[in-house]
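One structure is given here, and the rest of the page talks about it.
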Amino acid sequence: MATQKMLKFVSTPREMPEKRSAAERSEDFHEIYREFAAQKAAEQAGRCSQCGVPYCQTHCPLHNNIPDWLRLTAEGRLEEAYRVSQSTNTFPEICGRICPQDRLCEGNCVIEQSGHGTVTIGAVEKYITDTAWENGWVTPRAPVQERSESVGIIGAGPGGLAAADMLRKQGFQVTIYDRYDRAGGLLTYGIPGFKLEKDVVMRRNKLLEDGGVEFVLNCNVGEDISFDAIRGKHDAVLIATGVYKTRDLELDNADAGGVVRAIDYLTASNKVDFGDDVPDYEDGELNANGKRVVVIGGGDTAMDCVRTAIRQGAQSVKCLYRRDRANMPGSQREVQNAEEEGVEFVWLSAPGSFSGHVTGEAAVAQEADVDGVDQVASVRIQKMRLGAPDVSGRQSPELIEGADYDEPADLVIKALGFEPEDLPKLWGVDGLEVTRWGTVKADFQTHQTSIPGVYAVGDIVRGASLVVWAIRDGREAAESIANFLTGDARVAAQ
Ligand SMILES: Cc1cc2nc3c(=O)[nH]c(=O)nc-3n(C[C@H](O)[C@H](O)[C@H](O)COP(=O)(O)OP(=O)(O)OC[C@H]3O[C@@H](n4cnc5c(N)ncnc54)[C@H](O)[C@@H]3O)c2cc1C
Ligand code: SF4
């Protein structure tokens, strides 16, 4: 019976849920894929070949029991599929939407390698838990017994939230501190709604709150409360603060008006999506409407910026990347989505300098390419070629002399990646050891830092990474913290 519903990969072609047309989706911030219909989800799940050694599971950072929940979905046993899926993943419907599946589970699907097209694992994972929400199967954690020990978590991103969920399950008292006014970290204020709608994140925050997690928002640790005060209030502390220092450009006029940081641009856009008042958006500084936009970078943040600019009604959107398409760090799926929506990629190109207008008293109403302009008007683009591989094995970009040209631009968005803030200095904690890159040093398995009782997870340990890795870290750290607080491995295993 079970086998009859599975192994359909030869007779059933791979299908993703319907994607809205580029014209339609460019007008709003809603997700671009529609939900599978029940029959379609079952059909697509039934393509799984039920491998004895499932490489998809091995390559999922959470080692999700993918073949099991695919089989249950194919058999129409969705509540059971949900139970299996959520036993290893705190936010399955979020990962189903935003994991780069082509590099993780789906990229290692055996039927993909036999030329039949991968099982649409992410889309089915999303379908299972969205269905669970619709049917009321997702309920707040109800610990069997409350415990007196308390844990303070700094940072309400996926790492901190995943740990909070596991700790509450075991009855610990959990308080999360975050400097933003809403929980969710980059799920809330980084990743745009067209990849992850905001109510999907907010309902998770509410579920945690309903399960007894206390949120202390608008609280910047190091300013509004000291790290030592948090240590004094709680029996264990988890640092899950992510990485927010923007890599910058050392170029002429890199600080001119109209040259902005990706995180500011995306945060403003997400706040507008929530319906908040955002003065920097209203006054046009962080709004691409009617502008010629140039985004610098080739990662996922750059992809989110270009596609946000399209939705804000930019006149044109160009993405500069110093390597070529095959060597870019961003997901190929996102590049394709961006191209469909009208973004132009300018490969093998890097900014050389910015020119612009001088305003105010010194106004000469003319273009200036000297340092000190007030408003950007163009980007000097340098053309590159790929040379010999560097130590990481990637081909290094080399400058092509004499091929520079000026690209007109009213808004330039710097999406060059993120680095950790200097936490020991910001928080005045000498004992907190960091690596030479500034990330917090934590044991690979227990996630304990150099300070006993203090743990760290997610991007602040790994450097800019993925949501699914932050979730894994958070879940593992919760287990270590439980062991630390109780000295009893059995509690953690409950
Ligand atoms: C634009 C963008 C798009 C991305 N797209 C994807 C994607 O499609 N798929 C994917 O898997 N990953 C994506 N990522 C990466 C992913 O978002 C991160 O890897 C993940 O969010 C890291 O989780 P975290 O919990 O470590 O940190 P974060 O999500 O960054 O959360 C950290 C939290 O700590 C808070 N905080 C920081 N310092 C303090 C302080 N001193 N006091 C109080 N609170 C503090 C912050 O306000 C924040 O809420 C993207 C990242 C960006 C920037
Ligand atoms: S969590 Fe991510 S990698 Fe794992 S199965 Fe889901 S989509 Fe794939």
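One residue stands out in the range 450-487 among those that are more than 8 Å from ligand 1 (Cβ to nearest atom), outside any helix (DSSP H, G or I) and under 24 Å from the mean Cα position of the chain (by Cα): the one that is farthest from Arg231 (Cα to Cα), namely Gly463. Residues in the range 327-338 that are farther than 14 Å from Met384 by Cβ and in contact with a helix residue (DSSP H, G or I) (Cβ under 9 Å, 6 or more places away or on another chain): Pro329, Gly330, Ser331, Gln332, Arg333, Glu334, Val335, Asn337, Ala338.
Considering (1) more than 16 Å from ligand 2 (Cβ to nearest atom); (2) surrounded by 18 or more Cβ atoms within 10 Å (Cβ to Cβ); (3) assigned to a helix (DSSP H, G or I); (4) not hydrophobic (A, V, I, L, M, F, W, C), the lone condition that Gly184 does not fulfil carries the number (3). Within the range 235-248, being more than 23 Å from the chain's Cα centre (by Cα) and either buried (at least 21 other Cβ atoms within 10 Å of the Cβ) or modelled with pLDDT under 95 (or both) holds for Ala236, Val237. Only a single item in (1) under 12 Å from Gln312 (Cα atoms); (2) assigned to a helix (DSSP H, G or I); (3) among the β-branched types (Val, Ile, Thr) is not met by Val293, and it is number (2). Annotation note: Cβ proximity below 6 Å between a residue of the range 47-71 that is of a type in the set (Ser, Thr, Tyr) and a residue that is within 14 Å of ligand 2 (Cβ to nearest atom) (sequence gap 6+ or interchain) occurs for Tyr55/Asn108. In this structure, Asp390 qualifies as at negative phi and either within 16 Å of ligand 1 (Cβ to nearest atom) or more than 27 Å from the chain's Cα centre (by Cα) (or both). Consider Glu339 carefully, then state whether it is without any contact (Cβ under 8 Å) to a residue 60 or more places away in the chain, among the charged types (D, E, K, R) and in a loop (DSSP other than H, G, I, E, B). Judged against the criteria, Glu339 is not a match. Here Ala142 does not fit the description of being of a type outside the set (Asp, Glu) and closer than 19 Å to Asp459 by Cβ.
Counting only helices (runs of 4 or more DSSP H) that sit completely within the range 84-175, those holding 2 or more residues that are more than 11 Å from ligand 1 (Cβ to nearest atom) and at pLDDT below 95 correspond to 110-113.
The values are calculated or read from the model by the stated rules, or taken from the named source; none is laboratory data. Keep in mind it's a predicted model, so treat the numbers as computed, not measured. As a convention, Cβ positions derive from the backbone with ideal geometry for all residues, glycine included, and neighbour counts pool all protein chains shown.
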